[in-house]
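The structure appears below as structure tokens.
The values are calculated or read from the model by the stated rules, or taken from the named source; none is laboratory data. Everything numeric in this text was worked out from a predicted model, so none of it was measured. Glycine gets a Cβ as well: all are built from the backbone with ideal geometry, and neighbour counts include every protein chain shown. These accessible areas exclude ligands, DNA and RNA; they are computed on the full protein's heavy atoms, side chains included. Shrake-Rupley method; radii C 1.70, N 1.55, O 1.52, S 1.80 Å.
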Amino acid sequence: MSISRWSRAQLQDGGWIRRMFMEGERLRAEFGESTVADLSIGQPLEAPETIVEAFAAASRERFRGRFGYMPNLGYPDVRERAAEDVDFPGITSDSIAMTAGAACAITAAIRTFVDPGDDVIGVAPYFPEFRLYCETASARFVPVPTGPDLRLDLDGINGALSAHTAAVIVNSPCNPSGHVLDGGELSGLASVLDAHNNRHDRKVLLIIDEVYRRLTYPPHQRVEPFNLYEHTVLARSFSKDLGVAGERIGYLVLHPSLANAETHRGLAQALRALGFVNAPATAQRALLHLDSWEINAVPYRERRDIVMDRVRADGLEAMEPEGGLYLWLRSPWPDTLRLIDALAARRVLLTPGIAFGVPSHLRLCFSAPRPKLTMAMDALAELAMEPLSA
């Protein structure tokens, strides 16, 4: 029995991040960990001891129903704690759905608010799974390129809007570009959507992926989307900031105007239909054992500065990441995939920009150990100088 046409298409056209990660697994097994610089996947720094202790304490909890079913939207006390993490008037536990990471939050929002056949507009470069989230809901993903400065192309988004548009999804800080949406961009986007809504009988949902919001580097700062556009949901995750990517815990935040019984039932049904059912119990309970959900972003910013110093010194082309874990680098070779192969031959793994809808670029994850950053930047600098690269 063969796999589906959809699965085969994904294997042929997508899955670059995991493909490079698996190549790293192979190279590490063959040559040893110290000889491979795998900067292809957004692996966070190791979780601090306080996080480890919180999960250990949660695993020891015992109460009636501790390992049984719970409300689909999560434990009430965890939802209350998450609501406190959202600094906006009117946010209560009614606005919160605990989810198995931001991916679950986004897919549940799409299933709840988007009909099969609808369009969902995204911004290129985009996190590649945004397209898959839409396809699995039988919606069409419509990418709109950013400008050369990585800012939203509001005219392009306006031109892509149609009577079929149900949602717009953006990521700030952006994976892969590191761009942080500022107030001008978000207010401009809100104006574009309001004008579109006034011409149609439905409101376009704005989905904002905020996985990296606590990894925003000064002087840049997060702008509150709820102040600008009511028909908004936020997808949040603890994967990167707390260093628990493998635990799959996050939450969806509804603007207070969207928090009602019908939406709750829709989200609960979507979680069941998607197979998540509810967020993992132990990960939810662990959040209650933490005095604060804030983090120290300095180690990430220091690594950002290391790679940017090399970019400038080596004459490479990249804009300084304003947040997140990634350097978005223009390929010094015309054939980006050929460069990816040449780097892999040196046991340096990056992800080609084709995975993010922009074939001219590469993504480098700078949360790797510092010696691995040096290995990768050395290889990039050497290959950029090779005469056969043209």
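Only alpha carbons enter this Debye calculation for the stretch 141-219, each as an equal point scatterer, and the log10 of I(q)/I(0) it gives at q = 0.11, 0.24 Å⁻¹ is -0.29, -1.25. Here's the picture: charge each Lys and Arg Cβ at +1 and each Asp and Glu Cβ at -1 in the chain, and of Leu290, Phe63, Val168 the one pushed furthest to the positive end of that dipole is Phe63.
In this structure, the amide hydrogen of Thr99, modeled 1.01 Å from its nitrogen in the peptide plane, lies closer than 5 angstrom to those of Gly250, Tyr251, Leu252, counting only residues at least 5 positions away or on a different chain. Diffusion of the stretch 92-210 by Stokes-Einstein, at 10 °C in a medium of 1.306 mPa s and with Rh set to the Kirkwood radius over alpha-carbon pairs, works out to 109 µm²/s. Pairs of Cα atoms nearer than 8 Å and 6+ residues apart set the relative contact order; for the stretch 260-390 it is 20 percent. Amide H contacts of Asn171 (H built 1.01 Å from N, in plane; Pro and chain starts excluded): Asp209 sit under 5 Å, all sequence-distant by 5 or more or on other chains. Using Cα pairs closer than 8 Å and at least 6 residues apart in sequence, work out the relative contact order for the stretch 220-328, in percent. For the stretch 220-328, the relative contact order is 18 percent. Against the empirical 2.2 N^0.38 Å (N residues), the stretch 44-88 has a Cα radius of gyration ratio of 1.44. Compactness of the stretch 291-375 is given as radius of gyration and Dmax, 13.8, 50 Å, from Cα positions. Reported value for the stretch 30-144: 219 Å³ per residue, from the convex hull of its C-alpha atoms. Pairwise inverse Cα distances across the stretch 59-108, averaged and inverted, put the Kirkwood hydrodynamic radius at 12.2 Å. Summed over the residues of the stretch 56-207 and divided among them, the accessible surface reaches 41 Å² per residue at a probe radius of 1.4 Å. The 3J(HN,Hα) values that the Karplus relation (6.51, -1.76, 1.60; θ = phi - 60°) gives for the stretch 197-210 are, in residue order, 4, 5, 9, 9, 9, 9, 9, 6, 7, 9, 9, 10, 7, 10 Hz. Gly and Pro appear as x. Here the Gaussian network model covers the chain, with springs between Cα atoms less than 10 Å apart; of Asp155, Asp118, Asp291, Asp291 fluctuates the most. Annotation for the stretch 262-301 versus the stretch 86-148: alpha-carbon center distance of 16 Å. Residue-wise HN-Hα couplings along the stretch 317-330, as the Karplus relation 6.51 cos²θ - 1.76 cosθ + 1.60 with θ = phi - 60° gives them from phi, are 10, 7, 8, 5, x, 8, x, x, 10, 10, 9, 9, 10, 5 Hz; Gly and Pro carry x. In the chain the Cα-Cα distances spread across 20 Å bins starting at 0 as 27, 58, 15, 0 percent of all pairs. The spread of Cα positions in the stretch 166-307, taken along each principal axis and listed from longest to shortest, comes to 48, 37, 25 Å. Computed about the Cα centre, the dipole magnitude for the stretch 92-169 is approximately 120 debye when only Lys and Arg (+1) and Asp and Glu (-1) carry charge, each at its Cβ.
GNM remark for the chain: springs join alpha carbons under 10 Å apart, and the peak mean-square fluctuation among Phe238, Phe31, Phe127 falls on Phe31. If the segment from Leu337 to Glu262 were pulled out straight at 0.36 nm per residue, it would be longer than the present Cα-Cα gap by 22.3 nm. Residues whose amide H lies under 5 Å from that of Val123, counting only those 5 or more places away or on a different chain, are Val144; hydrogens are built 1.01 Å from N in the peptide plane. With the simple model of a label 7 Å out from the Cα in the direction of the Cβ, Asp305 to Asp155 spans 3.9 nm. Using the rule -39500 (n - 2.57) for each DSSP H run of four or more residues, divided by the residues of the chain, the 222 nm mean residue ellipticity is -12000 deg cm²/dmol. Loop-located chymotrypsin sites (Phe, Trp or Tyr not before Pro) in the stretch 33-73 (DSSP state other than H, G, I, E, B) with a sparse environment of at most 13 neighbouring Cβ atoms within 10 Å: Phe63, Phe67, Tyr69. Of the residues Trp328, Trp16, Trp293, the one that moves most in a GNM of the chain with alpha-carbon contacts below 10 Å is Trp293.
Split the accessible area of the stretch 138-273 by element, probe 1.4 Å, and carbon with sulfur accounts for 48%. Calculate what fraction, in whole %, of the accessible area of the stretch 1-132 sits on carbon and sulfur atoms when a 1.4 Å probe is rolled over the protein chains. Carbon and sulfur: 54 percent of the exposed surface of the stretch 1-132. For the chain, the relative contact order works out to 24 percent when only alpha carbon pairs closer than 8 Å and six or more residues apart are counted.
The stretch 1-70 and the stretch 196-246 have Cα centres lying 24 Å from one another. Computed about its Cα centre, the charge dipole of the stretch 1-133 is approximately 620 debye, with only Lys, Arg, Asp and Glu carrying charge at their Cβ.
Applied to the stretch 371-380, the Karplus parametrisation 6.51 cos²θ - 1.76 cosθ + 1.60 on θ = phi - 60° returns per-residue 3J(HN,Hα) values of x, 6, 5, 5, 4, 5, 5, 4, 5, 4 Hz, with x for Gly and Pro.
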